[in-house]
Each structure stands twice: as C-alpha cells, then as structure tokens.
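A.B. asks: The structure follows.
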Amino acid sequence: MIKQIKEFNKLFLEKTEDKKILVIGHFDTDGITSTTIISQALRKLEKQFSTKIVKQLTEEEINSLPEDKILLFIDLASGNINKLSKLKNIIFIIDHHEIKLKKSLENIHIFNPHLFNEKESLCSAELAYLISKEMSEENKNLAHLAILGMVGDVMEKNINKTRNQIIKDADVQVKKGILIYPSTRPLDKALEYSSRPFIPGITGNKENIIDLLKDCNIDKIGRSYKSLIDLSDQEMKSLVTALMLKMSSEDSSKHIGNLFLVKFFNKIEDAREISAIINACSRMGYPEIALLLCLGNREARKKAERIYLKYRQNIISGLKYIENNGSIEGREYVIINAKDQIKDTIIGTLASILSFSSTYKQGKIIVAMAYNEDKIKISLRMAGKNPNSRNLKEFVESIMYELGRSEKEYGGHRHAAGCTISIEDEKKFIDLVKRKLEFETIKV
Ligand SMILES: [Mn+2]
C-alpha cells in the first residue's frame, strides 16, 4: 500500500499546486474525522481549500459542484464514478467503500484499497491519516482522529498491522473490557443506562447493580463508583466474568472487546463515546460543530454535548412515537412509516435499536420509513439474529427494480439495508413490501 500512498500524494500535490480545493466529506463519524485530518494537513501545506459535509452524494449535489475547483471526496464517491467522470474538474477520492472500475479515468484519481486488493480493511479516516502522514510526519498528531473514525465505522474488532501502527501513533491505550458507554461515567450509572447491550437484571436495576459491584469487589471511592476506564485489570476481569453470566453467549462475545482510550481535550476519553458525539452532531444537522469538535474547539465541545443530549432525547421520543403510533405488521414484517415525525437521519439508528431489542420476534423484517423533503429514507433491519434469513440487500434491490430505479439509491448488506425513494412511490413501495413478503410466505 505504501506505493499507492506515495503515488496518490505526489499526484495530489502536483495537481493542486496554486489551485483551489473543495473537500467533500461524508457526514458520519468516519467522514467527519477524515475531513478534519485532511483539512489540518492542507492547512499546514498552506493550500487554499474549503470543506463541505454531505449526507449523500446525490445527483443534485454533484450538479451543484463548482467547476473551478479541484474536488477531493472523502469517505464517499466510490459508487458515483460514472457521474463524476462527466465533470470537467480534476477529482481525487479517498474512500474505502466498494468500487467497480472498469478502466482508469483521466480526471479521477482514487485511493481506495479495493482497487489494489489490499487485504487489511481500513476506514477512510485511517486512509486519510496515512496520506496526511505522507504529506508530513508532523501530522502524526492527527492519529487519534483516525481512531475515532475507525471506532465510528465499527472496525475495532480487527486490529491489523496498519491499524496497530496508527494506534501507536495516536498514543491510544487499548483495554479489554465490556463495551458499555459512557465508560467515563461512574460505573453504576453506565450499567443502569446500558441499552446496547441490554443486560438482563442489570439495565435499569439499581439494587442489582450495587450487589453485582460488591460481588466484584469494586467499591465506591468517596461518594461514587469508579468509571469503567479506571478499573484495574483485576476489577475489569471480575466485572466481565460477572456480566458474561448475565448475558447470552452471543451478546457477551459481541459486547466484550477492546476499549480505546484516546486523549481528547487533554483528557483520557472513551473513543466510542467521542465518536458517538460526533455522529450525533452530524445527524442532528450540525456537521460544522462536529468538525470544530474534532479540531479541539472548546466552544464546539460545549455545543456538541448539548446536541448529543438532544440527540439521545430524539432517539427516545422516536422510540415512543413508534410504540404509540401503530405500524403495519404482518407475519414476516413490520412497516413503520414515521412520515415527518422522525428525522430521516436517525430512522436507521431507531430501526437498529428495535432490531436488537425484543420488541419484534426473531427474523421479522423491520422496514422503517421517514420523510426527507420530497424523498423517503427507508431502513431495513432483521429482528434478532437469524443466519438463514433473507438477504436484505437483495430484497431492497428487487423492490427498487420494480420501482424502476437502478441508480445507487440503495445499499447495504445481508442484515441491514437502506434505500431512498421519491415520496410519490410511498404507497407503491409499501404494497410491494407486503406483497413480496406475504406471497413468498405462502409459497413456503
Ligand atoms: Mn467510512
């Protein structure tokens, strides 16, 4: 990969000489952290640039791009090569999403490990970090942002060689433990509010928590408990053992793993928590606060905390809305049509939470819909975990095909998929979902 990093960097520096650059980043944590990393690197090089964060690279978005700038896409665009190839701009892309490229293109230069059969899977923030480190060794001080992006894209289970180096560069401590957060808050509180994982007998149960902590020989210090990240190895071990007994083996293997402790605003923080705050800001419509937060801006930090709180309240009220406002439920599916009552940017998160909870029976397909102006954002999840279940991406694909949409307006994988349709297709979409799932059930 070193060869590709060097080539990409060289070309980028050459082509951007005395030119204006527009950096366009994806709006999730990985996209925001990558954009921050690249912005900082460009600033050091005294390049003229501006940044833009987008939810999705839609046709409108592509058509509104300035013609006189060099475009640098981060954490997106791999699925839009055809459209981008028609632009006159010189284009650079740093991305880790799947890409199909038949031939190399004159105006587009891509750094995407899929193109050179790289075995290690890395997120965009890590790729952006590798490029920025090639620009200047000083950019090592941005490594912690790559870790935040990596945790945001849930890649922490697999610590490969490159990632391990980035962890070292970032001076991140890796601690094995139970993945509940906020892991920086007193342990009893973190356990009480833990919903992912939901720990039977512990979540929401103050008395049991106190007994559990006593059994683990974890005592209060002064008036409150230590936080998860402050536990000694021995304390962590006994806590993990005790909690494993309370959870299903599947849950415990999923929720016991590495905690990444990063230095952020001069304090040791749980990377998962900071990553969640960045994500929340962006999804609530404040990507610029998320960027400033990554840059270490104190004012932004305060605002971000408030937005994060509001985001969590939004999630809770979204769940309540779904509970109270009926959904269309069939044997194999449940369709939640929130219309404009839930933000399109959190509908996927809500669908995921519902799929982990025991609200719906195992294997049921959750179809959650929310308006975004004249479009509808739809998220599909499978309740529980059913390995023999239908492939959700293929399912969405077949529906989109019948709606006559072949463009990149859907995506996902076996257990989670999503798509965007126009509001006129609302009824048709719902009917298709029902028809397909009901019909196929009868067939079986
Ligand atoms: Mn990503």
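A.B. asks: May I ask for the Kirkwood hydrodynamic radius of the stretch 1-97, worked out over all distinct Cα pairs and given in angstroms to one decimal?
C.D. replies: Roughly 13.7 Å, rounded to one decimal.
A.B. asks: Another question about this same structure. Taking the alpha-carbon centroid of each part, what is the distance from the stretch 59-100 to the stretch 243-270 in angstrom?
C.D. replies: Here the answer is 36 Å between Cα centres.
A.B. asks: Among rounded, prolate and oblate, which fits the chain when a ≥ b ≥ c are the square roots of the eigenvalues of its C-alpha gyration tensor, a/c under 1.5 means rounded, and a/b larger than b/c means prolate?
C.D. replies: Oblate, since a/c reaches 1.5 and b/c is not below a/b.
A.B. asks: Continuing with this model, one more query. Evaluate the distance, in nm, between pseudo-label points positioned 7 Å from the Cα of Arg414 and of Lys303 along their respective Cα→Cβ axes.
C.D. replies: With each label point 7 Å from Cα toward Cβ, the separation is 4.3 nm.
A.B. asks: Between Asn141 and Asp215, what is 0.36 nm times their sequence separation minus the Cα-Cα distance? Round to one decimal in nm.
C.D. replies: 22.5 nm is the gain from fully extending Asn141 to Asp215.
A.B. asks: Also, quick follow-up: In the chain, with Lys and Arg counted as +1 and Asp and Glu as -1 at Cβ, which of these residues, Pro186, Ser85, Ile209, has the Cα nearest the positive end of the dipole, that is, farthest along it?
C.D. replies: The one lying farthest along the dipole's positive direction is Ile209.
A.B. asks: Something else about it: State, to one decimal in nm, how far the label point of Lys83 lies from the label point of Thr359, with both points 7 Å from Cα in the Cβ direction.
C.D. replies: Calculated label separation equals 3.1 nm.
A.B. asks: Same structure, new question: At a 10 angstrom cut-off on C-beta neighbours, averaged per residue, how do the peptides 201-212, 290-301 rank from highest to lowest?
C.D. replies: Ranking the peptides 201-212, 290-301 by packing returns 290-301, 201-212.
A.B. asks: How big is the charge dipole of the chain about its Cα centre, in debye rounded to the nearest 20, if each Lys and Arg gets +1 on its Cβ and each Asp and Glu gets -1 on its Cβ?
C.D. replies: Dipole about the Cα centre, nearest 20: 420 debye.
A.B. asks: Output the antiparallel fraction of DSSP beta bridges having both residues in the chain, as a percent to the nearest 5.
C.D. replies: In the chain, approximately 55 percent of DSSP beta bridges are antiparallel ones.
A.B. asks: Highest mean first, what order results for 141-154, 332-345 on Cβ atoms within 10 Å?
C.D. replies: Per-residue mean Cβ counts within 10 Å order the peptides as 141-154, 332-345.
A.B. asks: Using the alpha carbon gyration tensor of the stretch 43-98, what are the three equivalent-ellipsoid semi-axes (square root of 5 times each eigenvalue), largest first, in whole Å?
C.D. replies: 19, 14, 11
A.B. asks: Using the per-residue mean of other Cβ atoms lying within 10 Å as a proxy for protection, in what order, highest first, do the peptides 270-283, 214-227, 62-75, 3-16 fall?
C.D. replies: 270-283, 62-75, 3-16, 214-227
A.B. asks: Given Cβ point charges of +1 (Lys, Arg) and -1 (Asp, Glu) and nothing else, what value in debye, to the nearest 20, does the dipole of the stretch 1-135 about its Cα centre take?
C.D. replies: 300
A.B. asks: Report the Cα centroid-to-centroid distance between the stretch 137-165 and the stretch 21-58 in angstrom, as an integer.
C.D. replies: 17
A.B. asks: Once both labels are modelled 7 Å past Cα along the beta-carbon direction, what's the Asn266-Ile328 spacing in nm?
C.D. replies: Calculated label separation equals 5.7 nm.
A.B. asks: So for the chain, averaging the separation of alpha carbon pairs under 8 Å that are six or more residues apart and normalising by length, what relative contact order in percent results?
C.D. replies: 11
Computed from the coordinates by the stated procedures, all read-outs in this text should not be read as laboratory data. Please read these numbers as outputs of a predicted model, since none were measured by experiment. FYI the Cβ positions are ideal-geometry reconstructions off the backbone, even for glycines, and counts take in every protein chain you see.
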